[in-house]
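One structure is given here, and the rest of the page talks about it.
No value in this document is a laboratory result; all are computed from the given coordinates. Just so it is clear, the model here is predicted, and its values are computed rather than measured. For neighbour counting, all protein chains shown are included, and Cβ atoms are generated from backbone atoms with ideal geometry for every residue, glycine included.
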Amino acid sequence: MLNTIWILAEVNDGAVASSYYEMLTKARAIKPEAKITALCLGGDNLPVDELKGSGADEVVCARHAKLESYDPMYCTAALAGVIAAYDPDAVLVAASAKGSEIAPGAAARLRTGLAAHCTELGVRPDGDLAMIAPAFGGKLMGEYYIPNTRPQMASVKPGVFDRVPQEPRGAAVVEADVSFLDGMSSGVELVERKVSEAADLPVDKAESVVCVGLGVAEENIEKARALAKKLGAALGYTRPMVDMGYMSDESAMIGTSGKTIKPKLYIGFGISGSNQHVCGMKDSGLVISVNNNPKAEIFNVSDYKLVADSGKMLDELLKAIS
Amino acid sequence: MWYMNEEREQLAKMAHDFAESEIRPFVREMEEHDAFPTEIIRKAGELGLIALMFPEQIGGMGPKWVESGLMLEEFGKVSNCVANAFASIHAGCALILQTGNADLIQKVVIPAMMGTVVTASAQSEPTGGTRLDDFTCTASVENSEIVINGGKIFCTNAGHADYYTINCKTKEPYAAPFGNHTLVLVEKDTPGFKVGHIENKIGWHGSSTGQLYFNNCRVPMSNIIATFDMDEKMVAAGAFSVSILMGAAALGTAEGVFEKALAYAKERKHGDESIYDKYQAMRHRFAELKMEIELLRGLVYGVLADLDNGNYNVNIPAVAAKVKGAEICEHVASECIALCGGNGTIVENDFERYLRDAKMNCTAGMSVHHLTDMIADWLR
Amino acid sequence: MKIAVCVKVAPNPDQYDLIRLDPETKTLVREGVDSVISSTDLHAIEAAMQIKEKLGGTVTLISMGPASNDKQLREGLSYGCDDAVLVSDRKLGGADALATSYTLAKAVEKLGGFDLVLLGNSSDDGSTAHVPSQLGEWLNLPHITDVISLEVSEGGALVSKELDGGVNTYKITLPAVIGVTKRVNKVRHPSVMGIFSAKKKPMATLTAADLDNLDESRIGLAGSPTQAEGYHEASFGRECVEIEGSEAEQAAEVVRVLNSYLKH
C-alpha cells in the first residue's frame, strides 16, 4: 500500500532543502493519488508557508525547543514519535548528513525497514514501494522492498531526482505533539560549531579531483581552480602542463610519473588521455571528461563525455554550481 | 603455497602494507637524494619486523626464517635496496651473536633489532679485496687498548652506521688468546676513525657504500667481538644466512617488476586489445619469466623452511639462492623493460630502478663469482 | 575503559571486479573474492586502541557472521585488541541492518559492562550506515555517527562531525555508541608481536541460543523488515554516456550527475 507518503523536509538556513522538492516530485510521479505530507522538525521558525505552497497535501510541524539546533537523539525521537502517531504507509528522508543519521534510528524505534541511499523509487505490482539502491561501491544495484512492517522507509540521495514545480494543494497545517521530548535527555550536547574553510587538499587524498590538460588554455586554469574550490575538490594536472610551465611543480601531477589517484569523482578538462595519465586515474569513481575532440582517448575511460570547449564549459559549470 | 599458514599470511599482508605505505613513498627520495631509510628501519623495528631475524634468547622472535623471508620478499617487491638494508642488519649483528659477547649484544644487537641503531660491517680492502691474507688494516694491543690502522672499502651503511664491525689482521707479534684476525667494534665518531668517499653506485641509492679510514684509532678491549685464526672456510661457513636473506629479497624484486610489467601489458592497448592479449610472443615471454620466479621461490623457501626445521646443512642451496636470485632478478627486470617498450625505458616509470638495484645483487654481500667458487669448492 | 568494537567482515573492495551476478539465478557470485574486515571498521579498532593506550582498559571485537570469519577476527586482534566474540548461527543469516543491529545489541548486552561501543560508520559492501544509530537505539544509549574526530576521557567523549558546511563538536555522555569515519585516525600496522599473540587471545563464539531474551522474530532473514528482491548490474562502468546540448544544458546535466553521485 502506498496511500499516504510522508516526506521529511530538511531546513537549511530557514529554507526548505532542494531534496524535499525532489522527493515530492518523485512521490507524486509514482503515485499521483497518494496523500503526501511534508514533515518539518524544528523550533518556532519553520518555513510553513513555503511548505504549504510546495504541492504537498498536508504539512505537519513538530516544534520543540530541543529541536532548535540539531541533536541526533532528539531528532530521531521526534521523527519516530510523530510517524508512529500518524502511521503513514511510507516515509522518505533525504540521505543527507542529518537524514542519514536520524532515519536509521527512527526505523529502529519503529521496528520497520529502511532502504539506504536510494537512487530510484517505484510502485511494486502489489502496490508497495519499490526501492533501488547501490551496493558494492556502486558495482551492483539492489532492488529492495519492505513487505511486512510500516512505514516503508527510504533514504534518497539528494540530487538524483528531478525537481519539478508542483501545483499548491491548499495544504492543511497540523501541529504534531512532541511533548514526549520534554522529559527526554539525549546525552548529546553541542559544544562548538566551526564554519569550515576548505584547505588545499593533497591531490591523492582528495575525494574529488578537477584535472586539467593541455586543452585548457592558460587563462582558464584559474577557472578550473575556482571550480575545484566550489566542489571541495583538489586541482590536478597532466605532465605536459608542467612541461609547458603552466604548473610550477609536480605535486599534483597525475600519471605514472606523478601521483596515482582514486577519488570518488574525477572531472577532466582538455585531457587527451595519454596512457601515462590514464594509468594514474583509471581507478577513479565517477569520471566526467570534457574535450573538444569527440575521439579523445580519455573518453574511453570516462563515464560521461562532453564534447565542448573546456573554457566555456568551465564558465557554465561555475555558474551552474551554487 | 606449501609454506604458508594463517599467521604467515597475516604477516606477509602486514609486511606488504608496510612496504606500500612506508617504503614506496620514500623510493623517490632515495633515488634522487641518496636518502638513507633510517625512519623506515626505526618503524620496522618498532613493529617487531627486524626481530623476526633474531633469536628469542635476546628478545627476538625466532629466528623465524620463513617469516623473515616473507618480510624481505614483500619489501623487495617495492625496493630491493631497502630489503637488503634489513638483510644487512642481520649480517651486521651475526658475528656478535655468534661470539655471544653479552655486553656487545646489549649495546649493539638489541638496539639494532629495535631499529634504533644502524650497524655496518667492513671486510673488503683497496688492495686484495676480500682475500683475508692480504688484509692490511691491522689491530694491535697497546696499553690495554686496541689500536686500528688502515682502511676498508665498500662498507655498506658507511656514514649512517652507529657501530662498525671491522675485520682486522692482528698485528704481529701477538700472543694467545689472539688469533691472526681480530674483529673489532668501532663506534662512529671515535677519534682516529673517519668515513671517506661515499660511492655513487649503479643502484641501491638508499644505501651508502663508502671508504673507512683508521689512523691510530683506539677502542677499548671490550670492543673485541672475536679474535681467532681465520681462514676462507670460516667466511664461507657464515655465508648461508645473508645469502638466503638476499635471495628472498631478490625473489621479491623479480616479482615486483614482473607484476608491474604484466599490469602494464594488460593495460596497454594496440587497437582494441591489450598487447598482452594480442601478442602470443609477449604472453610466452611473461610465462617464461614467471617460471623462473617460481623456481626461485621454491629454492628460497625450501632453504628457509629447512632452517626453521633446524637443518643448517644448507650451504649450497642457500648460496645458490643468492646467486640465482641475483641472476633471475636481473634477467626479469631487464626483460620487463623490453616488454614495456618505450615506457619501460623511462626513469619515472620506475622499471629501470629494479634493473639497477638487481645489478647490485651480483656484487654486494659477496660477489656471485666468489660464491660460485665457494660452491665449486664444496663440490671437491 | 571497557570498549567494544563491532566489525563487519565483507568482500574485499579491491576485488569487486570479480563479483558478478549469476545470469540465471540473479544471485551474487563471490567466487575468488577474499573477505576482509570492512575498511572503516579498522579505523574504529584504531580509535579503540588509542583510547586503551591513553586510559587503560580492554578492547573487545564483536562480529556477526559465519564461523569462517574467525580468521579476520584474528587479524583484528593483531592490532592489539584483547578478545573477540563471533556471533554465529545459521538463524542469523541474511540479516538486514535492523536485524544485524538487534543481534549485535543482544551480544553487547550479553557481554555487558561496556563504556563505549565503536564501529565504522558504514561497511564497504552495503554502505547503508544504518547499524551505528540503530545499535544505539536498541541499546538505548546516546549515539552519534559520521564522526571525524574523537577524544575520550573518563567523563565522556568529545566528537566532531561535518554538518551544513561546518564542523559541529558534541559532548556525549558514556556509555555511548559512536560511528567513526576514516578521517578519525590513521590505522597503524599490526605489530609482529600482535600477529603472533593473536592466536593465543580468547575468541568466543555465541550462537542465537546464547543471547539472552532474544526475540527470534527479529533476527536473520525472516526478522529483516527490508528485503532484497534481487540485484542487477549497475551501469557505473565506463559507458561513456555523451552529455549533449548547449553548454548551459550540458552544465546543468553535469550538476545533476554530480549531485546524484556525490551525496553519499
Quiz item: Can you list the HN-Hα couplings for the stretch C:189-196, worked out from phi with the Karplus curve (6.51, -1.76, 1.60; θ = phi - 60°), rounded to whole Hz and with x for Gly and Pro?
Solution: 7, x, 7, 4, 4, x, 5, 6
Quiz prompt | Filter on A:K264/A:K312; C:K52/C:K161; A:K98/C:K8; A:K282/C:K8; B:K266/C:K71 - keep pairs with C-alpha separation over 26 Å | solution = A:K282/C:K8; B:K266/C:K71
Self-check item: Selection from A:V11, A:A56, A:A135, by position along the positive dipole direction of the stretch A:4-181 (Cβ)
Solution: A:A135
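Could you work out the relative contact order of chain B? I mean the mean sequence separation of Cα pairs under 8 Å and 6+ apart, divided by the number of residues, in percent. Walk me through the numbers before you get to the answer.
Values: 692 pairs, mean separation 61.9, N = 380.
Rounded, it is 16 percent for chain B.
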Quiz item: Quick one: Cα centre-to-centre distance for the stretch A:175-224 and the stretch B:224-278, in angstrom?
Solution: 47 Å
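Rounded to two decimals, what is the ratio between the C-alpha radius of gyration of the protein assembly as shown and 2.2 N^0.38 Å? Spell out each step's value before the answer.
Details: Rg = 32.7 Å, N = 966, 2.2 N^0.38 = 30.0 Å.
Here the answer is 1.09, to two decimals.
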Quiz item: Within the stretch A:4-181, what percent of beta bridges assigned by DSSP are antiparallel, to the nearest 5?
Solution: 30 percent
Self-check item: For the stretch C:164-264, alpha-carbon Rg and Dmax in angstrom
Solution: 23.8, 66
Exercise. Can you tell me the alpha carbon radius of gyration of the stretch A:4-181 divided by the globular rule-of-thumb value 2.2 N^0.38 Å?
Key: 0.95
Quiz item: With a ≥ b ≥ c the root eigenvalues of the C-alpha gyration tensor of the stretch A:208-320, is it rounded (a/c under 1.5), prolate (a/b larger than b/c) or oblate?
Solution: rounded
Quiz prompt | Whole-Hz couplings from phi, Karplus 6.51/-1.76/1.60, listed for the stretch C:180-185; x for Gly and Pro | solution = 9, 9, 5, 6, 5, 6
Exercise. Give the angle, between 0 and 90 degrees and rounded to the nearest 10, that separates the Cα long axis of helix B:24-33 from the longest principal axis of the Cα atoms of chain B.
Key: 60 degrees
Practice problem: Report, in debye and to the nearest 20, how large the dipole of chain B comes out about its Cα centre when Lys and Arg carry +1 and Asp and Glu carry -1 on their Cβ. | Solution: 340 debye
Quiz item: Tally Lys and Arg at +1 and Asp and Glu at -1 over the other residues with C-beta under 15 Å from the C-beta of B:R131: what net charge comes out?
Solution: -4
Quiz item: By DSSP, what percent of the beta bridges with both residues in the protein assembly as shown are antiparallel, rounded to the nearest 5?
Solution: 50 percent
Self-check item: Coordinate range along principal axes, alpha carbons of the stretch B:121-230, Å, largest first
Solution: 44, 28, 19
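Would you mind giving the mean number of other chain beta-carbons within 10 Å of the Cβ of each residue in C:217-225, as a whole number? Working shown, then result.
Working: counts 0, 1, 0, 0, 0, 1, 0, 4, 14.
What the average comes to for C:217-225 is 2.
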Quiz item: Considering amide H positions built from the backbone, and no H for Pro or chain starts, which residues 5 or more places from A:V123, or on another chain, come under 5 Å of its amide H?
Solution: A:A130
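When the Kirkwood radius is taken over all Cα pairs of the stretch C:2-218, what Stokes-Einstein diffusion coefficient follows at 10 °C and 1.306 mPa s, in µm²/s?
Numbers: Rh = 17.6 Å.
Translational D for this selection: 90 µm²/s.
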Quiz prompt | When the stretch C:131-198 is reduced to its Cα atoms, the Kirkwood hydrodynamic radius in Å | solution = 13.5 Å
Exercise. Could you list which residues have their amide H under 5 Å from that of A:W6, counting only those 5 or more apart in sequence or on another chain, with H placed in the peptide plane?
Key: A:T37, A:A90, A:V91, A:L92
Quiz prompt | Percent antiparallel among DSSP beta bridges (both partners in the stretch A:109-267, rounded to 5) | solution = 45 percent
Quiz item: To the nearest 10 degrees, how steeply does helix B:280-308 sit against the main Cα axis of chain B, on a 0 to 90 scale?
Solution: 40 degrees
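Starting from the Cα gyration tensor of the stretch C:92-145, multiply each eigenvalue by 5, take the square root, and state the resulting semi-axes largest first in whole Å. Working shown, then result.
Details: eigenvalues 63, 37, 16 Å².
Values for the stretch C:92-145, descending: 18, 14, 9 Å.
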Quiz item: Across bins of 10 angstrom width beginning at 0, how are the C-alpha pair distances of chain A distributed, in whole percent?
Solution: 6, 23, 25, 21, 17, 8, 1
Exercise. Using the Kirkwood radius over Cα pairs, work out the Stokes-Einstein diffusion coefficient for the stretch A:118-160 at 37 °C and 0.692 mPa s, in µm²/s as a whole number.
Key: 297 µm²/s
Exercise. Add +1 for every Lys or Arg and -1 for every Asp or Glu among the other residues with Cβ under 12 Å from the Cβ of A:L129, and state the total.
Key: -2
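What are the semi-axes of the equivalent ellipsoid of the stretch B:234-378, taken as the square roots of 5 times the eigenvalues of the Cα gyration tensor, listed largest first and rounded to whole Å? Provide the component values of the computation, followed by the final result.
Numbers: eigenvalues 220, 46, 23 Å².
One finds semi-axes of 33, 15, 11 Å for the stretch B:234-378.
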Quiz item: Can you give the three extents of the C-alpha atoms in chain B along their principal axes, from longest to shortest, in whole Å?
Solution: 80, 45, 42
Practice problem: Could you order peptides C:22-34, A:228-240, A:274-286 by the average number of other Cβ atoms within 10 Å of their residues, highest first? | Solution: A:228-240, A:274-286, C:22-34
Exercise. Taking the dipole about the Cα centre of chain B, with the C-beta of Lys and Arg at +1 and of Asp and Glu at -1, give me whichever of B:A239, B:I375, B:V117 is farthest to the positive side.
Key: B:I375
Quiz item: Which whole-Hz ³J(HN,Hα) couplings does the stretch B:201-210 yield from phi under the Karplus relation 6.51 cos²θ - 1.76 cosθ + 1.60, θ = phi - 60°, glycine and proline marked x?
Solution: 8, 4, x, 6, 5, x, 10, 9, 10, x
Practice problem: Let me have the 222 nm mean residue ellipticity of chain B computed from DSSP H runs of 4+ only, each contributing -39500 (n - 2.57), with the sum over all residues rounded to the nearest 500. | Solution: -16000 deg cm²/dmol
Quiz prompt | Whole-Å semi-axes of the ellipsoid equivalent to the stretch B:1-80 (Cα gyration tensor, √5λ, descending) | solution = 23, 16, 9
Quiz item: Mind checking which lysines have their C-alpha under 16 Å from B:K43, skipping anything on the same chain fewer than 8 residues away?
Solution: C:K186
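Please report the net charge: other residues with Cβ closer than 12 Å to the Cβ of B:P63, K and R +1, D and E -1. Spell out each step's value before the answer.
Details: positive: B:K64; negative: B:E56, B:E67, B:D308.
With Lys, Arg at +1 and Asp, Glu at -1, the neighbours total -2.
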Practice problem: Taking the convex hull of the Cα atoms, report for the stretch B:90-169 its projected area averaged over all directions, in nm². | Solution: 5.8 nm²
Quiz item: Check B:E145: other-chain or 5+ apart residues with amide H under 5 Å from its amide H, H built from backbone geometry?
Solution: none
Quiz prompt | Positive-end residue of B:N349, B:T209, B:A102, charge dipole of the protein assembly as shown with Cβ unit charges | solution = B:A102
Exercise. Kindly provide the helix-only [θ] at 222 nm of chain C, computed as the sum of -39,500 (n - 2.57) over DSSP H runs of four or more divided by all residues, to the nearest 500 deg cm²/dmol?
Key: -8500 deg cm²/dmol
Self-check item: Those aspartates and glutamates that a straight Cα-Cα span of less than 18 Å connects to B:K107, excepting residues fewer than 8 apart in one chain
Solution: B:E46, B:E56, B:D162, B:E187, B:D189
Practice problem: For n ≥ 4 DSSP H runs only, could you compute -39500 (n - 2.57) per run for chain A, divide by its residues and tell me the 222 nm figure to the nearest 500? | Solution: -7000 deg cm²/dmol
Quiz prompt | Reach of C:K200 by Cα under 15 Å, taken over aspartates and glutamates that are not fewer than 8 positions away in the same chain | solution = B:E6, B:E7, C:D70, C:E75, C:D82, C:D83
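Compute the relative contact order of the stretch A:4-181 as a whole-number percentage, counting only Cα pairs closer than 8 Å that sit 6 or more residues apart in sequence. Mind dumping the intermediate values first?
Details: 397 pairs, mean separation 53.1, N = 178.
Computed value for the stretch A:4-181: 30 percent relative contact order.
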